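What follows is one structure encoded as structure tokens, with my remarks underneath.
What follows is calculated from the coordinates using simple rules that are stated; it is not laboratory data. Quick caveat, the model's predicted, so the values are computed rather than measured. Virtual Cβ from ideal backbone geometry, glycine too; neighbours counted across all protein chains shown.
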């Protein structure tokens with residue numbers, strides 16, 4: 001197969017993938033929602049049941065880092081006219097929407113939003129919203145709002161931090177049911193909300209939108225390849241260090257001056273590994 005044929009086949013595969021994309025695919029949603037305040041506004045108005053909410057800024061694939069150099073990549077980070085911050089995450093795998101992940105994202109947002117030297121009372125109100133393909137909480141509800149509260153009386157703690165799980169499998173004729181239907185659609189013509197359908201149609205059917213998605217997929221392939229190379233290097237360094245420890249242990253065994261547990265301690269190998277080397281040496 002020639003290079004041109006390989007490239008053409010890859011392009012056709014990309015087009016097939018694009019046709020199957022849904023808003024429940026995070027890479028697709030982040031393209032559709034980037035800088036599109038109207039799309040984000042619709043979603044937040046529905047899931048927060050606040051028709052007056054106005055979004056003034058939307059960014060996608062936002063890297064947030066804390067003082068310990070720990071980082072997280074947020075699918076969507078939005079700001080409304082009241083200064084509130086919204087992190088919206090798309091999760092098809094239940095594991096990715098764990099409760100500790102919600103807590104982690106919330107804490108990372110706080111560390112990112114408060115400038116050094118500023119009073120903590122200046123922290124804005126924040127929302128971490130997980131839109132999941134399945135009902136990860138498992139109670140059949142559309143929405144699962146999470147708030148800190150006083151255990152003795154049930155009153156809200158009121159620290160301005162909110163977590164919300166949205167059940168993507170909840171689909172019916174209600175506003176949230178229609179929204180989750182649209183998130184599961186591959187065909188823009190079958191969607192209820194025009195503002196979402198227009199973005200999906202642009203990236204799936206227009207020449208410009210398809211070209212953008214094809215470039216994005218190529219960039220994802222390159223990123224995955226680079227991650228694989230780096231992982232291979234790490235494994236190689238790890239194996240190299242282990243081989244070095246084995247060489248040290250073998251030299252100590254040949255010297256015949258050290259007990260096996262001493263060799264294990266000094267070489268960094270396990271006692272079982274040292275015993276196996278000793279058996280092989282005598283074989």
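Please give the helix 271-282 orientation as an angle from the longest Cα principal axis of the chain, in degrees from 0 to 90, rounded to the nearest 10.
That helix lies at roughly 40 degrees to the long axis.
If you build a Gaussian network model of the chain, linking Cα atoms that sit under 10 Å apart, which residue out of 85, 204, 118 swings the most?
118
What angle do you read, to the nearest 10 degrees and between 0 and 90, between the alpha-carbon axis of helix 37-47 and the longest principal axis of the chain?
Roughly 90 degrees, rounded to the nearest 10.
When only Cα pairs under 8 Å and 6 or more residues apart are kept, what is the percent relative contact order across the chain?
Computed over the chain, the figure is 13 percent.
Could you sort the peptides 165-171, 100-106 by per-residue average Cβ neighbour count (10 Å cutoff), highest mean leading?
Values: 165-171: 20.9, 100-106: 15.4.
The densest-packed peptide leads the list: 165-171, 100-106.
Taking the beta-carbon count within 10 Å as an exposure proxy, list 263, 176 from fewest neighbours to most.
Details: 263 24, 176 18.
The order, fewest Cβ neighbours first, is 176, 263.
Sum -39500 (n - 2.57) across every DSSP H segment of at least 4 residues in the chain, then divide by the residue count to get the 222 nm mean residue ellipticity, nearest 500. Display every interim value, and only then the final one.
On the way: 9 runs with 143 residues, N = 283.
Here the helix-only value at 222 nm equals -16500 deg cm²/dmol.
Can you say what percent of the DSSP beta bridges in the chain, counting only those with both residues inside, are antiparallel? Round to 5. Show your work: numbers first, answer last.
Details: 18 of 32 bridges.
The antiparallel proportion sits near 55 percent.
In degrees from 0 to 90, rounded to the nearest 10, what is the angle of the helix 175-184 Cα long axis to the longest principal axis of the chain?
50 degrees
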